[in-house]
Amino acid sequence: MKAYTKYLNDNNKAAQFMRFIINGILAAAIHYAVYYLCQFFIEVNTSYAIGYIVSFIVNYFTTTYFTFRSQPTWKHFIGFCGSHGVNFGLHILLFWCCMQLSVNRYIAPIIVMGIAMIVQFTILRFVFKPKNH
């Protein structure tokens, strides 16, 4: 366990990706929970968007401090917002496609999040890349 903890604390790409996965699971759980609860009161696409926004707020701070071991800056915030703009568009498009293909509304978010996660990590690696690299 001690070796695994040291591995997660390293700043290499593999460790960052592991922290990204942990952070992503937290963000996805928040996103899904808000989506699940909201859909009982409002339309499913709107519920999905609200869940995304709530998880976005939490995700910015956990990505900054935990995943990339950084401090919040305007540059990081703008880059994070830009990457999430792309990610949000991807989520909405993929979710819409799943609905058109009659994928179960409880399963569709899991499929969408899995695909979007890889795209998001790739973008954020550039946003949070230290200046000396």
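The values are calculated or read from the model by the stated rules, or taken from the named source; none is laboratory data. No experiment lies behind these values; they were computed from the predicted model shown. In this analysis, Cβ positions are derived from the backbone assuming ideal geometry, glycine residues included, and neighbour counts consider all displayed protein chains. Note: accessible area is taken over every heavy atom of the protein model, side chains too, but ligands, DNA and RNA are not part of it. Shrake-Rupley method; radii C 1.70, N 1.55, O 1.52, S 1.80 Å.
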Has the stretch 97-107 got at least one residue that is in contact with a Phe, Trp or Tyr (Cβ under 8 Å, 6 or more places away or on another chain) and either assigned to a helix (DSSP H, G or I) or of a type in the set (Gly, Ala, Ser) (or both)? no
Any residue at all in the stretch 109-131 that is surrounded by 13 or more Cβ atoms within 10 Å (Cβ to Cβ), without any contact (Cβ under 8 Å) to a residue 60 or more places away in the chain, more than 13 Å from the chain's Cα centre (by Cα) and over 23 Å from Tyr32 (Cα atoms)? yes
Given (1) crowded, with 16+ Cβ neighbours inside 10 Å; (2) part of a helix (DSSP H, G or I), where does Tyr65 come up short, assuming only one miss? (1)
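Among the residues of the stretch 79-105, write down those that are hydroxyl-bearing (Ser, Thr, Tyr) and modelled with pLDDT under 90.
The answer is Ser83, and nothing else.
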Return yes when Leu93 is open to solvent by 30 Å² or more (accessible area, probe 1.4 Å) and not basic (Lys, Arg) and no when it is not. yes
When the residues of the stretch 31-54 are narrowed to those that are surrounded by 14 or more Cβ atoms within 10 Å (Cβ to Cβ) and among the hydroxyl-bearing types (Ser, Thr, Tyr), which ends up nearest to the chain's Cα centre (by Cα)? Tyr52
